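Peer 1: Quick one: structure below, then a few questions.
Derivation of every value follows stated rules applied to the coordinates shown; laboratory data play no part. Every value quoted in this text rests on a predicted model; they were computed, and no experiment measured them. FYI the Cβ positions are ideal-geometry reconstructions off the backbone, even for glycines, and counts take in every protein chain you see.
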Amino acid sequence: MAALGVATGGGDWFSALALGVTLLKCLLIPTYHSTDFEVHRNWLAITHSLPISQWYYEATSEWTLDYPPFFAWFEYALSHVAKYFDQEMLNVRNLNYSSSRTLLFQRFSVIFTDTLFVYAVHECCKCIDGKKAGRELTEKPKFILSVLLLWNFGLLIVDHIHFQYNGFLSGLMLLSIARLFQKRHKEGAFLFAVLLHFKHIYLYVAPAYGVYLLRSYCFTANKPDGSIRWNSFSFLRLISLGLIVFLVSALSLGPFLALNQLPQVFSRLFPFKRGLCHAYWAPNFWALYSALDKVLSIIGLELKFLDPSKIPKASMTSGLVQQFQHTVLPSVTPLATLICTLIAILPSIFCLWFKPQGPRGFLRCLILCALSSFMFGWHVHEKAILLAVLPMSLLSVGKAGDASIFLILTTTGHYSLFPLLFTAPELPIKILLMLLFTIYSVSSLKTLFRKEKPLFNWMETFYLLGLGPLEVFCEFVFPFTSWKLKYPFIPLLLTSVYCAVGITYAWFKLYVSVLTDPPVGKTKKQ
Amino acid sequence: MFGDYEAQRHWQEITINLPIKQWYFNGSDNNLQYWGLDYPPLTAYHSLLCAYVAKFINPDWIALHTSRGYESQAHKLFMRATVLIADLLIYIPAVVLYCCCLKEISTKKKIANALCILLYPGLILIDYGHFQYNSVSLGFALWGVLGVSYDWDLLGSLAFCLAINYKQMELYHSLPFFCFLLGKCFKKGLKGKGFVLLIKLACTVVASFILCWLPFFTEREQTLQVLRRLFPVDRGLFEDKVANIWCTFSVFLKIRDILPHHIQIMISFCFTFLSLLPTCIKLTLHPSPKGFKFTLVSCALSFFLFSFQVHEKSILLVSLPVCLVLREIPFMSTWFLLVSTFSMLPLLLKDELLMPSVVTVMAFFIACATSFSIFEKTSEEELQLKSFSISVRKYFPCFTFFPRIIRHLFLISVMTMVLLTLMTVTLDPPQKLPDLFSVLVCFVSCLNFLFFLVYFNIIIMWDSKNGRNQKKIN
């Protein structure tokens, strides 16, 4: 009785937060799930029923395996538990099979694998200092960070409603970041290498890891003014890192190399036949570009500068994933997006090389890499914003400037996820959860930094408040107007463009703060 | 599955399409056998209001005759939204105001208290899972309690009259209100201010009833028909399985079949009033807000255990006052609220609410355990049993182990509940006794409720002036 009392009544707020959000996830089990549910069921079936040589060739279902081999092994491991729930889901021919036991198993597997995420958050909390702590528990940075990460709205609705496994993958990334903060560089490198072979989208942030490890780990010391000391280069460290990456890759791709299937694997992992924009435009630079193109083409048609017969029929907003051309502005190719992305991440990489500021500088570079590739990448999903939002939470409890950027990025990023849940029963859930998270994050960060200048200027406040009327218009007013039939894509277009403005602004502000930061005076952490 | 959801939708259909005079009568357009109206007029007016909104959005939802069994995602969202709006407007503000007005505790504890009350699983599951509007009647009753406790007697009694006119089950709470207000009038002196107050209260009550029932007072037949629908005395002592004395007793002795109807009514009447008489008399003689809340609990519990035609959902009428005393006896209140949710298990399983029940019960338990540190508050004084145990020790000097007994009982009770839940979910009942698990659930809950009845009566009767003086000295 006493032990129970201590466990429940004592000070273990972290367990209470983790348990609370787990209970909420259990309540979300019967909600709407997207086609990603069928995707993962299919992968369970493929990995369970077929030999390895068939995994990347199987195409009975349209949802072919397009994640790296470690994820396939993960699904294989899950399938051995799945067979006790419902044997039928492991049949490759059972397309769109979703019995109640299948649903229960899949949802529980996401909730269970989130344990890694909880552990990673626990480790991250150890890495931030509590100097600004008030006496109240709820004002401590550790507490705020735990809530912002564990109860993150985007992660909740993408993982537990829409259905994906981002929880444990983000957990791996946060854990590797935490290890780098704790100076356990080899473990951090190992974790990131493993992560890359789970989901290759994390290639976006690989440059940050590479440059940081090279600059701050392989070069063991700096000159007093912070610049590089060439003779402190340690070959041993470089080789150990290389060995780690090589061994992990060998473990992952080795079997497929032996089967001579590497080209097939790579063609599955990097499908460039899809279009510039997803069916719903991710709120990045290309959304603004396409919107501008549309506006210019309409103006051009009105002013008779353009010939209507020369305009291609395929419209980007019709919701299909196909290749298309822009009308007024030059069309964008995959190569162009790659070049834009590289140009965008270069300044942050240079900053990391020439002005290393320890793990904190690395974290900022990582976030900038993730954001820049979100801004300029090819066929970006709006869910990729979580790659930037989650690490940014770590920075937000440190400085007021970072907190303000974090709030703009998170609020617009989360709002841009709304079109993922378009069903009626999920409407109150997404609005309520979003309101809860936004109100909490704004109020707690404002309280934390109340002694410094206010977090938002009037323009930013106005922009954020504008999300409310936008939501009311898109979900409540628009369906009752006559435009619903003529221009059904308007809510998506408006959401995409409005959020793109916010995200671009946050990216820009973060870049400016990184580039104008005073160098190296703060090597206390090193 | 057609249940309360379809009943509410049907009432919207009836109220908006038919004139008031036909609402409670059997007719070609209104088949009373198919979910006929059996709540007082305020429910009907509420349904009418919702029906107007439904008509604006999609008239198909409430078209006469053709909309029976209508189910679509948008309609479900609408109906659930009506429950949420009613909750937000009536129940939640009452809870928040109640917690704000608590004295001598910090803001953080007030918020924790409000959170625990709002997290009570029973109300959430029944209102949002099963589908009902209990939050409206309970909210009005809570406004009544607030008004009367803080000397806004007229407004309080008005709110309580609204509660009764929304659901007739609120009559379970009527005796404590009556006794408390009567006690206040006596205290103020029946020759002066007390008499004025009494007259004012009587006028308020009569006026509010007339206002609600106005369309039905035009003809005697109308009034009688409504009363017949509200109090179906033709039905038996109990229906279905409920954690009631009579249902439990009928496991051993089938009184429903043995005794004639009017004797059953008389027996239940006698038992109910005998069990609540002591506390009500005490409340009349010594009216105090604290005594009022505890008397609400014991009266409602007496009615639940011994009254006529009780439904398992009526336990919510007992749970509301128990939520109000969460601050004073956290351990016992949390225990009671857990048992009350458990007693509705067969109903929740029928609605496929197992996962939400487990999750909300766990969340509630964790919230209460962390906010109130309930496991540290099991001493005699914390359980308000000090005066009682002093009296007992006059006869049995070595009787000092109340806390230990109660802790053991709690453990046994919780283990039994968990075990029964597991058994009901995983096992199939034997062929000869298909209702075995429901009956077991009712039996166990009934035993728990009897224990709580005795406990609450003890607290009220032994909460003497000595206790109050001792607190002042401390």
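Peer 1: Per residue of A:419-428, how many C-beta atoms from partner chains lie within 10 Å of its own C-beta, taken as a mean?
Peer 2: Mean inter-chain Cβ contacts per residue within 10 Å come to 2.
Peer 1: Per-residue HN-Hα couplings for the stretch B:452-461, Karplus 6.51 cos²θ - 1.76 cosθ + 1.60 at θ = phi - 60°, whole Hz, x for Gly and Pro?
Peer 2: Coupling constants for the stretch B:452-461: 5, 4, 4, 4, 5, 5, 4, 4, 5, 5 Hz.
Peer 1: Another question, if that's okay. What is the set of long-range amide H partners of residue B:310 at a cut-off below 5 Å, with H atoms built 1.01 Å from backbone N?
Peer 2: B:239
Peer 1: Report relative contact order for chain A in percent, whole number only (criteria: Cα-Cα under 8 Å, sequence separation at least 6).
Peer 2: Details: 621 pairs, mean separation 86.9, N = 526.
About 17 percent, as a whole number.
Peer 1: With the crude spin-label approximation of a point 7 Å out along Cα→Cβ, what separation in nm comes out for residue A:95 versus residue A:446?
Peer 2: 5.2
Peer 1: Could you point to the residue in A:117, A:236, A:198 farthest towards the positive end of the stretch A:16-269's charge dipole, with +1 and -1 charges on the Cβ of Lys/Arg and Asp/Glu respectively?
Peer 2: Comparing the listed Cα positions along the dipole, A:236 ranks first.
Peer 1: Then there's this: Taking the stretch A:44-78, which GluC sites (Glu not before Pro) meet the DSSP loop condition and have no more than 15 other C-beta atoms within 10 Å?
Peer 2: Filter output for the stretch A:44-78: A:62.
Peer 1: Right, next: Report the relative contact order of the stretch B:1-94, percent, no decimals, based on alpha-carbon pairs under 8 angstrom and at least 6 residues apart. Walk me through the numbers before you get to the answer.
Peer 2: Numbers: 64 pairs, mean separation 29.3, N = 94.
It comes to 31 percent, rounded to a whole number.
Peer 1: Within chain A, what's the longest run with no chymotrypsin sites (Phe, Trp or Tyr not before Pro) in a DSSP loop and at most 12 other beta-carbon atoms within 10 Å? Give the range, please.
Peer 2: Result, exposed sites excluded: A:306-526.
Peer 1: Here is a follow-up. Let me know the mean shielding of A:24-36 by other chains, meaning the per-residue number of their Cβ atoms within 10 Å of its Cβ. Spell out each step's value before the answer.
Peer 2: On the way: counts 2, 1, 6, 5, 0, 3, 3, 0, 1, 0, 0, 0, 0.
Counting Cβ atoms of other protein chains within 10 Å of each residue's Cβ and averaging gives 2.
Peer 1: Can you compute the modelled spin-label distance between residue A:303 and residue A:24, with each label point 7 Å from Cα toward Cβ, in nm?
Peer 2: 5.0
Peer 1: Counting only chymotrypsin sites (Phe, Trp or Tyr not before Pro) that are in a DSSP loop and have at most 15 other C-beta atoms within 10 Å, tell me the longest site-free stretch of chain B.
Peer 2: B:218-398
Peer 1: Across peptide B:362-370, how many C-beta atoms of other chains are within 10 Å of each residue C-beta, on average? Mind dumping the intermediate values first?
Peer 2: On the way: counts 5, 6, 0, 1, 7, 3, 1, 6, 8.
Across the residues of B:362-370, the mean count of other-chain Cβ atoms within 10 Å is 4.
Peer 1: Under 12 Å from a point placed 7 Å out from the Cα of residue B:221 along the Cα-to-Cβ direction: which residues of the stretch B:14-34 have their backbone N that close?
Peer 2: Taking a point 7 Å out along Cα→Cβ of residue B:221, the residues of the stretch B:14-34 whose backbone N falls under 12 Å are B:22, B:25-26.
Peer 1: With a/c under 1.5 counting as rounded, go ahead and sort the stretch A:16-269 into rounded, prolate or oblate using the C-alpha gyration tensor (a ≥ b ≥ c being the square roots of the eigenvalues; past the cut-off, prolate if a/b is larger than b/c, else oblate).
Peer 2: Oblate.
Peer 1: Over chain B, what is the relative contact order in percent, taking alpha-carbon pairs closer than 8 angstrom and at least six residues apart?
Peer 2: Values: 521 pairs, mean separation 74.8, N = 474.
Once divided by the residue count of chain B, the mean separation gives 16 percent.
Peer 1: Next question. For the stretch B:363-422 and the stretch B:186-254, what is the separation of their Cα centres, given in Å?
Peer 2: Here the two parts' Cα centres lie 36 Å apart.
Peer 1: For the stretch B:52-152, which trypsin sites (Lys or Arg not before Pro) are in a loop by DSSP, counting at most 13 other Cβ atoms within 10 Å?
Peer 2: Those that pass, being in a loop and sparsely packed, are B:103.
Peer 1: Just give me a number: lysine pairs in the stretch A:37-145, eight or more positions apart or cross-chain, with C-alpha atoms less than 19 Å apart.
Peer 2: 6
Peer 1: Specify whether the C-alpha gyration tensor of the stretch A:285-516 places it in the rounded, prolate or oblate class, a ≥ b ≥ c being the square roots of the eigenvalues: rounded for a/c under 1.5, otherwise prolate if a/b is larger than b/c and oblate if not.
Peer 2: Cα axes put the stretch A:285-516 in the oblate bin.
Peer 1: Separate question: When we measure straight from the Cα of residue B:386, which aspartates and glutamates land under 19 angstrom away, once same-chain ones fewer than 8 places off are left out?
Peer 2: Qualifying aspartates and glutamates at Cα under 19 Å: B:328, B:376, B:463.
Peer 1: If you don't mind, there's one more thing I want to ask. Kindly identify chain A as rounded, prolate or oblate by the Cα gyration tensor criterion: order the square roots of the eigenvalues as a ≥ b ≥ c, call it rounded if a/c is under 1.5, otherwise compare a/b with b/c, prolate if a/b is larger, else oblate.
Peer 2: Judged from the Cα gyration tensor, chain A comes out rounded (a/c under 1.5).
Peer 1: With the crude spin-label approximation of a point 7 Å out along Cα→Cβ, what separation in nm comes out for residue A:59 versus residue A:243?
Peer 2: 4.2
Peer 1: Can you run phi through the Karplus equation (6.51, -1.76, 1.60; θ = phi - 60°) for the stretch B:258-266 and list ³J(HN,Hα) in whole Hz, with x for Gly and Pro?
Peer 2: Going residue by residue, I get 6, 8, x, 4, 5, 5, 4, 4, 5 Hz, with x marking Gly and Pro.
Peer 1: Here is a further query. Under 26 Å from the Cα of residue B:432, which lysines turn up, not counting those fewer than eight places away in the same chain?
Peer 2: Cα-Cα hits under 26 Å: B:241, B:254, B:350.
Peer 1: Still on this structure: Going through the cross-link list A:430/B:109; B:110/B:290; A:451/B:110; B:21/B:76; A:183/A:509, which pairs have a Cα-Cα distance over 20 Å in this structure?
Peer 2: Working: A:430/B:109 29 Å; B:110/B:290 18 Å; A:451/B:110 27 Å; B:21/B:76 29 Å; A:183/A:509 29 Å.
Exceeds cut-off: A:430/B:109; A:451/B:110; B:21/B:76; A:183/A:509.
Peer 1: Sticking with this one: Using 0.36 nm times the number of residues separating residue B:257 and residue B:373, minus their current alpha carbon distance, what extension gain do you get?
Peer 2: Gain on stretching residue B:257 to residue B:373: 37.0 nm.
Peer 1: Taking amide H positions as placed 1.01 Å from N in the peptide plane, with prolines and chain starts having none, which residues 5 or more places from residue A:380, or on another chain, fall under 5 Å of its amide H?
Peer 2: A:278
Peer 1: Quick one: Karplus J couplings for the stretch B:172-181, per residue in order, coefficients 6.51, -1.76, 1.60, θ = phi - 60°, nearest Hz, x for Gly and Pro?
Peer 2: Ordered by residue, 3J(HN,Hα) equals 4, 8, 6, 4, x, 4, 4, 5, 5, 5 Hz.
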